[in-house]
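Below: one structure, written as structure tokens.
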């Protein structure tokens, strides 16, 4: 993160610190005259382009708490701008600070309107900033930074009075629910001449003023946080302890060192180190500076973003390029290793090929034969189903002996049903089987022979793979229109074997 220059300005003097790496680096003080302005100009010249955060501590400050109807968007902006112009016409250094919403049913918005009513106090310092083209981040009142400071110091109370000593005088800021309500600066004619009793009297006056505003009551015990970086206000807490309505909470240099990271050297050389450290760590969200004064800081932040994006893109490109180089090297190494292994396998293959027997044909023809066999296996059906059907039927009829069977696969016309069954149309591609068998033994009893053949055919029809069974040839023509011929002599004309032929049509299975 780039450094910052934090400038504290009061009516008496100014002090500048360098904020870098989350800490105050050094502190320089300037008188509020020509010599001090020249020294500050030289400081900005030695740190070109460093943004300036301006912290104002002056008597000419105004704070007004207002409750306004809840609004949003353009209506809210217009309402607040109109109120600012109404309250502070004579100064451009003004701002409105949202303080949350009211607790009643209407839920109105609470605002703190604040301004620096003496613009002339900042004129010489702002002219130097503009002359040196230093980006002005904002103008902040010291009580506004005090609210940030209380969070860093981990000090909490429902109603708290923060007391601190500066070159401009004794600063008293009142907070309700950790939100700034009013602030008061008591100038010191001669720094260090005021006694602790005088400080206690000023605190008592502030307490009476809070009672008059009904921000506190007499019965309440007011917490008073005393910032004492130099260790010179220890007596003040003892004086305040005499009043039972006050509770003193001192913050010394040891506490500042542990919670703010401020060293003893910084605390000794910079009386405003507490507030400047809070400003450097986290500036308030509200600034009194007009947009025209902070335009350079806006450009400065845009440049930082562009630089950051460019650096990130360059880093990403470098990482991507490095990764590509690494992968390219790894791929080249892997490719070389694979090439070496390929050469080794080729050498082993050539060595083994020398001892191979001569092939009956060329490798190209063998490849074509294998491919043809695979296509046949995938496209044409097998006679296995027909053989299984015949095996089951023959096992159930031991008197039937198979002589020959023929299997065909392809288009087949419809075949009339057998045994009085209706005709059934076959699929375009069917499996057909022709069975040639005989009844053995055959003793000339034709009736028994025909019954065995019909039983065998019926067994085939019951098989789920068979759609049709038809008789092609029988040992005896039993058609009603056939003529009867032969002799009645015993054993005369009886065939030696009872052969028959059947036709089967199988179902088409995918």
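When residues of the stretch 8-30 are filtered for being outside any strand (DSSP E or B) and farther than 16 Å from residue 59 by Cβ, how many remain?
Looking only at that region, the number is 2.
Tally the residues that are out of contact with any helix residue (DSSP H, G or I) (no Cβ under 6 Å at 6 or more places or on another chain) and touching a residue at least 24 places away in the same chain (Cβ under 8 Å), restricting the search to the stretch 77-92.
7
Would you check if there is a residue in the stretch 125-135 being surrounded by 15 or more Cβ atoms within 10 Å (Cβ to Cβ), over 24 Å from residue 269 (Cα atoms), outside the structural domain of residue 9 (by TED's automatic domain parsing) and touching a residue at least 12 places away in the same chain (Cβ under 8 Å)?
No, the stretch 125-135 contains no residue that is surrounded by 15 or more Cβ atoms within 10 Å (Cβ to Cβ), over 24 Å from residue 269 (Cα atoms), outside the structural domain of residue 9 (by TED's automatic domain parsing) and touching a residue at least 12 places away in the same chain (Cβ under 8 Å).
Testing residue 238 on (1) touching a strand residue (DSSP E or B) at 6+ places or on another chain (Cβ under 7 Å); (2) under 17 Å from residue 201 (Cβ atoms); (3) at pLDDT 85 or above, one condition comes back false. Which one is that?
So the condition that residue 238 fails would be (1).
What is the number of the single condition among (1) in a loop (DSSP other than H, G, I, E, B); (2) out of contact with any helix residue (DSSP H, G or I) (no Cβ under 6 Å at 6 or more places or on another chain); (3) touching a residue at least 60 places away in the same chain (Cβ under 8 Å) that residue 242 does not meet?
Among (1) in a loop (DSSP other than H, G, I, E, B); (2) out of contact with any helix residue (DSSP H, G or I) (no Cβ under 6 Å at 6 or more places or on another chain); (3) touching a residue at least 60 places away in the same chain (Cβ under 8 Å), residue 242 violates only (3).
With respect to residue 10, determine if the residue is in contact (Cβ under 8 Å) with a residue 60 or more places away in the chain, assigned by TED's automatic domain parsing to the domain that holds residue 135 and either under 29 Å from residue 213 (Cβ atoms) or within 38 Å of the chain's Cα centre (by Cα) (or both).
yes
Kindly indicate whether any position in the stretch 102-120 is without any contact (Cβ under 8 Å) to a residue 12 or more places away in the chain, surrounded by 15 or more Cβ atoms within 10 Å (Cβ to Cβ), in contact with a strand residue (DSSP E or B) (Cβ under 8 Å, 6 or more places away or on another chain) and not assigned by TED's automatic domain parsing to the domain that holds residue 282.
no
Residue 191: buried (at least 21 other Cβ atoms within 10 Å of the Cβ), in contact with a strand residue (DSSP E or B) (Cβ under 9 Å, 6 or more places away or on another chain), in the same structural domain as residue 16 (by TED's automatic domain parsing) and modelled with pLDDT under 85, yes or no?
Here the answer is no, as residue 191 does not meet what is asked.
Among the residues of the stretch 63-78, which ones are within 20 Å of residue 114 (Cβ to Cβ) and in contact with a strand residue (DSSP E or B) (Cβ under 7 Å, 6 or more places away or on another chain)?
63, 64, 65, 66, 67, 68
How many residues does the stretch 136-182 hold that are within 26 Å of residue 232 (Cβ to Cβ) and without any contact (Cβ under 8 Å) to a residue 24 or more places away in the chain?
Looking only at that region, the number is 1.
The values are calculated or read from the model by the stated rules, or taken from the named source; none is laboratory data. Keep in mind that this is a model prediction, so the values were computed, not measured. Cβ sites come from the backbone with ideal geometry, for glycine too, and all protein chains shown count toward neighbours.
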